[in-house]
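The values are calculated or read from the model by the stated rules, or taken from the named source; none is laboratory data. In this text, all values refer to a predicted model and were calculated from it rather than measured experimentally. A quick note on method: Cβ atoms are made from the backbone with ideal geometry, for glycine too, and the neighbour counts reach across all protein chains shown.
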Ligand code: HEM
Ligand SMILES: [Cu+2]
């Protein structure tokens, strides 16, 4: 995609961005004050993976609690099967409520961490930060200092929110529904801490979003029109728009909730004349669009990885690009499907009809991806395995959204494990899987090291097995009537719950394999070439890892992002994969790259 | 409006279309328009009140709303176009703003779609709405709606000894003021004004809630009234002074023990409420606004008259059916 | 964003300004900053959108409470504050013009005037509205203590009133801090005809504060 004019060597920074600047202290200071989008992206990646770890521990605890149902010994009156209560001290309990309270706090912690601190920022803030300027041929994002600020706000907000556990934990669920959230633990600051934490995280999200929108508008390399942008950029752009337009509403919602708790203003509280469902409208006006903030960047990763790893021009480029915008638009008018059981019939009907609209652009994307795979020269490696996983799991997640969006069936499925399974299929099977695909795909670019492919594929396969064991069972539980957010269940459900818990352990194994693979790659990985997969987008023209200002000279866009049929990618090595058939009559163009010039 | 914006002349680099310079002349014109529209929107609201009051035509509620909101829209467009220079700016910025208003519109519209159609099919969906809330769990509300709880608390205050004494005196002064107002005697008008002001001052919410009366109210009031009488006397209005002094004497003559026994908290509450709703009561002192006063007065002309005019028109089954 | 070269030339700071290296030129940087800030302004509008939504819903549901509530406000303070804010918007716009023409002193005067109007707005709000109203029990939600309410939903009106105006007042304060910063930097000649991004952006923020008030004023004081 790029031709770099070698005329302009103004800055003289030619070392990798990862190069140490002096001793340990100097290096830490350098990273802590950096405005380089690549370093900030990497810092985000580590912060997010750390939060993913924390949230994961909470998830394992939740699953562990559900391994067996809670029973009360008829003879002694003692409660049995409350693992969390046993873990946190109270031995020989005679009441179920202490254990239940711990359980409630645990799943709230899990949900809040995973949504606000992991999935929402995951792909945009880490991969997006790292790749967006590289893909556009820019030296940085539009507002580099704002970018760093948003990282600090993220860290600050996370500390704020997580510190509520030290005070005993919050039991509202990640949705903070009123009036419960306005009254539980009355007078105690921990709920306020958690809510303000989410509020602060919103600022970080807004700043990242507007930074990206401006970057896409203003910093595209010469020659790069809107339809020369990689689809990842389109996806990030669409989700950034949602971030900017939806996040302020959660800001005011959470602020009003804090006022509600601290001052008792009553807007959301029926005891004070307000309306609790109004809170849900406020909340979901943000939180539904934000599920597309979660999934759109994932879809972008998949579009790029798929085209590159199949070495084939993406099928229906414009359709996918417009589908991203379409999803962003529709996402603003379907939020009511979370309140079918409490809204008016008229509103429910309208929202149900609108919900089905989302399926159209989503399906357009899925079909285009499958079309791209057809007759591609598919490389079988970790990013590709994860991409195929995404197609499979996300389709299940999306399709199960339809019965949830149907009024009659949702009355049965609402607040059941079916919903839990649905959103895990889209959020974990979609976003996290895409994140894993993206991390592997761009790992060589980020750190200049190759990872071990065998270990990567092994990890991916184990994650796949573990994931389905954990969550497929939950679809079944949900349809049979297992409600969500309960610490116990009737014995009939034990078999499926047990399987689900075992699945969570398998998932743990899979992610640990990846963790060790990454660490090993950093320590002893083979040096990565600039373009290990034969990609055509601009980031592959930069060194691996890129230099401080990304490119040698100012890149110029000379061809489309997926022109595998017309152009031999830069750094192409015939051993890697066969050259696609040239277009009738002509030989493939060779993309210019600085290395081949020199 | 003249378009005196010039474009920046000398800029060393590239596109300078965003460097529009809007001169002070144009800014002043825009400011003048904005001030004009501010006057207009106030006048519009006042005229509506006047029409309702003097001519007796109650305009439909949307006249008021649409009038105020369209003027506000025009004002905001002026601010955005000229002060914020959107008119000379990259159109993408305007587009961003339009998107934002569109999103806001969706938010209001679909939220309203639900909240205004509750109970359309099943009554239970609009629920047993307790007007003003159940008060459950609200400190000091005793499971009553908040407004009800506030009334109860206030009545408890009215029953306190010092407050009672203070209000008994105030009622006496008010009676004297009323008597003076209806009398044709010389100086009665001036005396009525002085006494009414005094009564109003004493019955103000401030006097009861913010600075609760202290013991010995009777003596304080007598002293105050005598001072007023002296002032009138030095101004040469002996007749009015005599009326005020008579009021002072009648306050002095109150038999507190007996008055206390016949004091009714409910009656006193109604009296204070009438003062509050009559518009004589303004919580920022003497600055009383005619517009709001008259509006508040229309509110109190009988319980039925107060029922919101458009509650019936808008037709949703959720709003105003306050449980009695 | 801004890198000020430290060369010892005698030119004022603004004339020595160089755009950040990832922009092609200063005009592009200026454009980008403005677009970024407009996007930020959209988030501000939507933040207030929550308040407007609560207003809209409850006004439609409980019109009598809203009528009673707005009757308890005095339009003259609202109108007065509207005028104060409009004047401040004007002086802010003029100060940008002055910077563009390198009339530094006039720019400073106008910035000071803007600050003055901002403070006046807050004073009127506090001294004539918040304090007298709050003290007689016209308060939101649980704190409501006004005995003569006729509509049962009057506490909700005060919730919306206080949330809306207090969040707006917080924006006035933030805007004043930004203006004070710009003022301080004009004394060091940071801004001039070729470089005034921060002045422009501060101005945009201040106009937004005005813009929100343009809607809050009729909604709270005039509509009945
Ligand atoms: C493809 C189209 C989709 C449809 C039609 C759909 C539909 C729905 C519906 C109707 C519900 C509410 C179920 C209930 O509570 O009764 C729901 C819940 C949920 N969905 Fe989706 N969904 C879709 C995609 C997604 C995506 C892409 C994500 C996130 C990446 C997502 C995340 C969630 C979450 C988190 C919840 C549960 C929230 C909670 O109550 O805690 N959904 N979905
Ligand atoms: Cu949703």
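Kindly indicate whether any position in the range A:210-219 is at the interface with chain C (Cβ under 10 Å from one of its Cβ atoms) and not in a helix (DSSP H, G or I). Among the residues of the range A:210-219, at least one is at the interface with chain C (Cβ under 10 Å from one of its Cβ atoms) and not in a helix (DSSP H, G or I), which makes the answer yes.
Based on what the data block shows, is residue C:176 buried (at least 18 other Cβ atoms within 10 Å of the Cβ) and at pLDDT 95 or above? Yes; evaluated as a whole, the condition is true for this residue. Of the residues making up the range A:328-347, those that are away from ligand 2 (no atom under 11 Å from the Cβ), crowded, with 23+ Cβ neighbours inside 10 Å and in a helix (DSSP H, G or I) are A:328, A:347.
Consider the range C:100-112 and keep the residues that are surrounded by 22 or more Cβ atoms within 10 Å (Cβ to Cβ) and within 10 Å of chain B (Cβ to nearest Cβ). The one that is nearest to residue C:161 (Cα to Cα) is C:110.
Filtering the range C:141-162 down to residues that are more than 8 Å from chain B (Cβ to nearest Cβ) and within 23 Å of residue B:212 (Cβ to Cβ), which residue is modelled with the lowest pLDDT? Within the range C:141-162, the match that is modelled with the lowest pLDDT is C:143.
Can you find a residue that is surrounded by 21 or more Cβ atoms within 10 Å (Cβ to Cβ), assigned to a loop (DSSP other than H, G, I, E, B) and at pLDDT 80 or above anywhere in the range B:150-157?
Checked the range B:150-157: no residue is surrounded by 21 or more Cβ atoms within 10 Å (Cβ to Cβ), assigned to a loop (DSSP other than H, G, I, E, B) and at pLDDT 80 or above.
Counting the residues of the range A:475-501 that are under 21 Å from residue A:105 (Cβ atoms) and more than 16 Å from ligand 2 (Cβ to nearest atom) gives 10. Between B:115, B:78, the distinction of being within 7 Å of chain C (Cβ to nearest Cβ) and touching a helix residue (DSSP H, G or I) at 6+ places or on another chain (Cβ under 7 Å) belongs to B:115 only. Quick check: is even one residue across the range B:67-78 under 30 Å from residue C:102 (Cβ atoms) and assigned by TED's automatic domain parsing to the domain that holds residue B:93? There is at least one residue in the range B:67-78 that is under 30 Å from residue C:102 (Cβ atoms) and assigned by TED's automatic domain parsing to the domain that holds residue B:93.
Restricted to the range A:61-175, the set of helices (runs of 4 or more DSSP H) holding at least 3 residues that are within 16 Å of residue A:194 (Cβ to Cβ) comprises A:97-112, A:144-166. Contact annotation: residue pairs with Cβ atoms under 7 Å, 6 or more positions apart or on different chains, pairing a residue in the range A:450-475 that is in contact (Cβ under 8 Å) with a residue 24 or more places away in the chain with a partner that is crowded, with 17+ Cβ neighbours inside 10 Å and assigned to a loop (DSSP other than H, G, I, E, B), are A:450/A:525; A:450/A:528; A:450/A:532; A:451/A:525; A:453/A:381. The numbered conditions (1) farther than 30 Å from residue C:48 by Cβ; (2) more than 8 Å from every other protein chain (Cβ to nearest Cβ) are all true for residue B:105 except (1). Go through the residues of the range B:109-118 one by one and say whether even a single one is without any contact (Cβ under 8 Å) to a residue 60 or more places away in the chain and surrounded by fewer than 16 Cβ atoms within 10 Å (Cβ to Cβ). Yes: one or more hits. Scanning the range B:133-160 for residues that are more than 25 Å from the chain's Cα centre (by Cα) and in contact (Cβ under 8 Å) with a residue 24 or more places away in the chain yields a total of 2.
A search for C-beta distances below 8 Å between a residue of the range A:392-418 that is within 14 Å of another protein chain (Cβ to nearest Cβ) and under 23 Å from residue A:327 (Cα atoms) and any residue that is away from ligand 2 (no atom under 16 Å from the Cβ) and part of a helix (DSSP H, G or I), counting only pairs 6+ apart in sequence or on different chains, returns A:407/A:349. Flag: residue A:230 does not match the condition of being closer than 17 Å to residue A:332 by Cα, crowded, with 24+ Cβ neighbours inside 10 Å and either modelled with pLDDT of 95 or more or away from ligand 1 (no atom under 14 Å from the Cβ) (or both). The residue list A:262, A:305 contains one member that is more than 14 Å from ligand 1 (Cβ to nearest atom) and away from chain C (no Cβ under 14 Å), which is A:305. Out of everything in the range A:349-391 that is surrounded by fewer than 20 Cβ atoms within 10 Å (Cβ to Cβ) and within 14 Å of chain B (Cβ to nearest Cβ), what residue ends up being farthest from ligand 2 (Cβ to nearest atom)? Among those that are surrounded by fewer than 20 Cβ atoms within 10 Å (Cβ to Cβ) and within 14 Å of chain B (Cβ to nearest Cβ), it is A:349. Note on the range C:75-153: enclosed helices (runs of 4 or more DSSP H) holding 3 or more residues that are more than 29 Å from residue B:274 (Cβ to Cβ) are C:75-100, C:104-124.
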